[in-house]
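Quick notes on the structure that follows.
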Amino acid sequence: MNNRTIVPMLASVALLALGAGATVQAQQATMTFFLTSAGPGKGADLGGLEGADRLCQQLAQAGGAGGKTWRAYLSTQASGGAQAVNARDRIGAGPWKNAKGETIAQNVDDLHSANNKINKQTALTEKGEMVNGRTDTPNRHDVLTGSQPDGRAFPAAEDRTCGNWTKSGAGAAMVGHHDRQGLRDDDASKSWNSSHPSRGPEGGCSQADLKSTGGDGLFYCFATN
């Protein structure tokens, strides 16, 4: 093969790579849903809803979709005179698409129905990458939500939000399984947003506790516009 053949081939490969890169960037710009690639690293202490929303916005910006308004899919419980906040009420109206342009739900009701398309293959990060599930090492499938299956907050009696996302010690946070797999073949194990409370030797809300049951302090982010 001579230089006359090699040069056009290399040029074609470069153009294909540029085209593929442009397509990925365009898809990520239209992204309206992702699973965080990382949490703040302080367990379920996300800095409250404000801190979680801020991280959503920062990660979306890094992923090329910072022009939208992003909110964390997290509920809070009534406390100290403050009313509860439902995760379903803070994420906009939909539809929502992942970084590859795949629609995961048309609207809020669709998202909280058996028809939603959230699973390991579609709950991608802001980078368009899959997150480890139950069959991977390390397992990272526990996703913080603090929510009931319908996306609403729990009553204030029992902590299900690690002190409304301000604790990294004693407490508990409801988590879902983004890969829709668990220890049992039941609805809770297959739930993307309400599988089981966090737990662990450090009290239930630390980074180590979250990791001990197959999590990493990750949560879902949705664009409201």
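The values are calculated or read from the model by the stated rules, or taken from the named source; none is laboratory data. Not measured: the values here are computed from a predicted model. Because the Cβ atoms are built from the backbone with ideal geometry, glycine has one as well, and the counts that use them run over all protein chains shown. Each accessible area value is taken on the protein alone, full model and side chains, heavy atoms only, with ligands, DNA and RNA left out. Shrake-Rupley method; radii C 1.70, N 1.55, O 1.52, S 1.80 Å.
Could you give every pair whose Cβ atoms fall below 9 Å, whose first residue belongs to segment 49-77 and is on the phi < 0 side of the Ramachandran plot and assigned to a helix (DSSP H, G or I), and whose second residue is of a type in the set (G, A, S) and open to solvent by 30 Å² or more (accessible area, probe 1.4 Å), counting only separations of at least 6 or pairs across chains?
R54/G47; L55/A38; L55/G47; L59/A38; A60/G67; Q61/G67
What residue, of T135, T161, T145, T125, is out of contact with any Lys or Arg (no Cβ under 6 Å at 6 or more places or on another chain), touching a residue at least 40 places away in the same chain (Cβ under 8 Å), surrounded by fewer than 19 Cβ atoms within 10 Å (Cβ to Cβ) and of a type in the set (S, T, N, Q)?
Checking each option against the conditions leaves just T135.
Mind counting the residues in segment 175-200 that are aliphatic (A, V, I, L, M) and in a loop (DSSP other than H, G, I, E, B)?
Qualifying residue count, segment 175-200: 2.
So which of L46, L59 ends up being farther than 23 Å from L111 by Cα and at pLDDT 95 or above?
Answer to the check: L46.
Looking only at segment 54-78, which residues are touching a Ser or Thr at 6+ places or on another chain (Cβ under 9 Å), within 21 Å of S194 (Cβ to Cβ) and either surrounded by fewer than 21 Cβ atoms within 10 Å (Cβ to Cβ) or not polar (S, T, N, Q) (or both)?
Correct list: C56, R71, A72, Y73, L74, Q77.
State whether the residues of segment 193-216 include one that is under 26 Å from G94 (Cα atoms), in contact (Cβ under 8 Å) with a residue 12 or more places away in the chain and either more than 14 Å from the chain's Cα centre (by Cα) or open to solvent by 10 Å² or more (accessible area, probe 1.4 Å) (or both).
For segment 193-216, residues under 26 Å from G94 (Cα atoms), in contact (Cβ under 8 Å) with a residue 12 or more places away in the chain and either more than 14 Å from the chain's Cα centre (by Cα) or open to solvent by 10 Å² or more (accessible area, probe 1.4 Å) (or both): present.
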